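Below is one structure, written out as structure tokens; the observations come after it.
The values are calculated or read from the model by the stated rules, or taken from the named source; none is laboratory data. Treat the numbers as computed from the prediction; the structure is a model and nothing was measured. Cβ: placed from backbone, ideal geometry, glycine included. Neighbour counts: every protein chain shown. Accessible surface areas use protein heavy atoms only, side chains included; no ligands, DNA or RNA. Shrake-Rupley method; radii C 1.70, N 1.55, O 1.52, S 1.80 Å.
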Amino acid sequence: MNSWEIVQNRRVIFGGGRLAELPGILSWYQKKKVFLAASKSVRSNGAPVREELCRMLDEAGIGYYLYNEISGEPDLHVINKGRDVFLEHGCDCGVAVGGGSVIDATKAIGMLAVNGGLVEEYQMEGRQATTVPPLFVAVPTTSGTGAEATKTSVVVNNYNGLKKSLYHNTMIAEITILDPDLTMDLPAKITSATGMDALSHAIESYVSLNATPITRMYGLKVIELIKDALPAVIENPGDAEARGQMMLASYMGGVAITAGIGIDHIMAQPLGGQYHIPHGDACSIFLPAAMELNLDYAAEAYADIAKAFGVYDAGKDTRENALAAIQAVRTLQDRTGSPKSLRPYIPGELPSREELVDVVKRTTGHITCNPRPLTEDLMWTIFNMVL
Ligand SMILES: NC(=O)c1ccc[n+]([C@@H]2O[C@H](COP(=O)([O-])OP(=O)(O)OC[C@H]3O[C@@H](n4cnc5c(N)ncnc54)[C@H](O)[C@@H]3O)[C@@H](O)[C@H]2O)c1
Ligand SMILES: [Fe+2]
């Protein structure tokens, strides 16, 4: 067996209404001042969650600073300013209640607060954290990114326009609260996009050259859950059971993707940044093409994925079953109204091959765990397949 390691949360809390346990948890850790980033769009049982959260903290006598600057996928300014606010207000922990954007921003802000410097130094210049960040509690309100389960923060660089990650083993949330009630009012478009993100985490990590027994186990479970739960929540947004399954799938997909991203994310992340495509939609667009291009390098793994989708046929050979897995992804795209083409998102002229390769190389192009070796030809081929 290969050697490997995995970084996971210390504590994972799952269940409807369990966000209410947050003040008690913070009290146990003797926290006095929370850096609180909470999306204002989130509702639970009809009531705005952010107000409820503030009320609960007030009642518990825990101070907080409500950081309202995170709108959309985070950039350098949002994070550097957050670091200043964290320090000015004497915060001793970070709590993120929101989608991947809010979680990633808060994750990076806590790290910067104790490590100093600007986020771009960690993102572009390879600076490493040397101090453990303050307590960080992540509460996802979309079911997709799995950012609550990863040590990564994805940030848009305002100076060069690149969307690039920074990461450190200590940046992972100490505690995550998976409260599916928070996703009951998630609009259909965000539900489908984030669901396809979670699916792509499962599929990409399963065929990753760095896959481990743990990430593979999680990956298959994610597919088993999403194949039914995602269409269920699109058809009936109030299906609480299916919302819970999506939240679990998203978390498990986050654990799985610690095995590394493949050609889908390698393209979706930089181009999503360039053309302002919601992350999950960008992942959806590239996923089937990524599987087709990897087919000869990962056919057995895709046949396993066909089993998880429930489309495996013992009478067929490995390649035919792998193709059935790709078809299952396309069917799911149809059932959830997920995008399949990049063209509508590109205003005006298409990039040249040189421009495309340049943006990928400067962001995700260093990644080496896609089963088919990453080449400039492969980047250009997949780009043209999804136009
Ligand atoms: N750190 C990681 O490991 C990781 C993994 C995958 C993606 N990401 C990153 O996460 C970001 C995307 O996160 P996302 O897809 O969760 O989207 P998001 O956080 O940008 O949220 C999308 C929209 O949904 C709204 N929203 C969130 N929860 C809601 C709710 N419960 N009800 C109603 N509206 C709600 C938000 O206000 C926002 O307008 C991207 O930057 C992506 O690159 C990070
Ligand atoms: Fe993703």
Going residue by residue through region 297-314, the Karplus relation 6.51 cos²θ - 1.76 cosθ + 1.60 with θ = phi - 60° gives ³J(HN,Hα) values, rounded to whole Hz and with x marking Gly or Pro, of 9, 8, 4, 5, 5, 5, 5, 4, 5, 4, 4, 5, 6, x, 10, 6, 10, 4
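Loop only by DSSP, 11 or fewer other Cβ within 10 Å of the Cβ. Give me the GluC sites (Glu not before Pro) in region 66-134 that pass, ordered by residue number. It would help to have the intermediate numbers written out before the result.
Values: sites: Glu69, Glu88, Glu120, Glu121, Glu125; in loops: Glu69, Glu125.
Sites meeting the loop and neighbour criteria: Glu125.
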Carbon/sulfur accessible area of region 188-385, % of total, 1.4 Å probe, equals 51 percent
antiparallel share of DSSP beta bridges within the chain, to nearest 5, in %, is 25 percent
Given Cβ charges of +1 for Lys and Arg and -1 for Asp and Glu, the option among Ile175, Ala211, Gln274 whose Cα lies farthest towards the positive end of the dipole of the chain is Ile175
Across region 188-385, qualifying lysine pairs (alpha carbons under 15 Å, at least 8 places apart or different chains) come out at 4
Of region 137-152, those with amide N under 14 Å from the point 7 Å along the Cα→Cβ vector of Val7 are 147-152
Quick calc, the chain, dipole around Cα centre from Cβ unit charges on Lys, Arg (+) and Asp, Glu (-), nearest 20 debye, gives 420 debye
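Just by accessible area at a 1.4 angstrom probe, what is the order of Met184, Met247, Met385, Met56 from largest to smallest? Show your work: numbers first, answer last.
Values: Met184 55, Met247 0, Met385 80, Met56 25 Å².
The residues order as Met385, Met184, Met56, Met247, largest area first.
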Charge dipole of the chain built from unit charges on the beta carbon (Lys, Arg +1; Asp, Glu -1), centred at mean Cα; most positive-end Cα among Ser250, Val155, Leu135 is Leu135
Largest fluctuation, Val155, Val95, Val359 only, Gaussian network model of the chain with Cα springs under 10 angstrom, belongs to Val359
Computed ³J(HN,Hα) along region 278-286: with the Karplus parameters 6.51/-1.76/1.60, θ = phi - 60°, integer Hz and x for glycine or proline, the list is x, 3, x, 5, 4, 5, 4, 4, 8
Only helices counted: for the chain, with every DSSP H run of 4 or more residues adding -39500 (n - 2.57) and the sum spread over all residues, [θ] at 222 nm is -16500 deg cm²/dmol
With x for Gly and Pro, the residue-by-residue ³J(HN,Hα) of region 195-205, computed from phi through the Karplus equation 6.51 cos²θ - 1.76 cosθ + 1.60 at θ = phi - 60° and given in whole Hz, is x, 5, 4, 4, 4, 5, 4, 5, 6, 5, 6
Percent antiparallel among DSSP beta bridges confined to region 11-183, rounded to 5, stands at 25 percent
